[in-house]
Amino acid sequence: MDYHIGPCTKSDVRAIAEGLNAYNAEQVPFTQARPYVDMSRKIVDENGKIIAGCCATMYGWHVLYVEILWVDALWRRQGVGRYLLRAVEEEAKRKGAYLVHLDTFDFQARAFYEKQGYRLFGTLENVPQGHERYYLQKQL
């Protein structure tokens, strides 16, 4: 058998993800109709400018993954991040989510997430070099 390694196109990435989804569903059947439900939300100011955003997905078994939570520097420490995160969590919970997880670096927002009820379940050391990446979860 002959093979080689090469770059992926967007359609290749979709095909790979679909293959993994099919395998996962065979092993542990999904509990939600679609394997991925976009739960991303944003907050805009009176001019329509994004001042905060949360990129999140509820996947396969009603588990919410928060990939990104960002608040513009001018709006930090005013409750905007807490409000947005809570809104995403509550919407996911209404759709059946029971667990949420995310990660953050030591120079980002671990203390913020812990104040929101998240607990640490893992640490990746020296990523980036001299820093740590924290993995947190919360029951909804």
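Rule-based calculations on the coordinates, nothing more; no lab input. Worth saying up front: this structure is predicted, and the values here are computed from it rather than measured. Reconstructed Cβ throughout: ideal geometry from the backbone, glycine too, with neighbour counts over all protein chains shown.
Here are the numbers for this structure:
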read-out	value
Count - residues of the range 131-140 that are within 11 Å of PHE105 (Cα to Cα) and assigned to a loop (DSSP other than H, G, I, E, B)	1
Residue under evaluation ASN47, criteria (1) touching a Phe, Trp or Tyr at 6+ places or on another chain (Cβ under 8 Å); (2) farther than 24 Å from GLU89 by Cα, criterion not met	(1)
Given (1) surrounded by 14 or more Cβ atoms within 10 Å (Cβ to Cβ); (2) hydroxyl-bearing (Ser, Thr, Tyr); (3) over 24 Å from TYR36 (Cα atoms), index of the condition TYR113 fails	(3)
Answer from ARG77, ARG86 - the residue that is out of contact with any Cys (no Cβ under 6 Å at 6 or more places or on another chain), without any contact (Cβ under 8 Å) to a residue 12 or more places away in the chain and within 26 Å of LEU140 (Cα to Cα)	ARG77
Cβ-Cβ under 6 Å pairs, at least 6 apart or on other chains, the range 21-34 side closer than 17 Å to LEU64 by Cα and touching a residue at least 24 places away in the same chain (Cβ under 8 Å), far side of a type outside the set (D, E, K, R) and not in a loop (DSSP other than H, G, I, E, B)	none
Test set (1) exposed (fewer than 12 other Cβ atoms within 10 Å of the Cβ); (2) of a type in the set (Asp, Glu); (3) over 19 Å from LYS42 (Cβ atoms) - GLU67 fails condition number	(3)
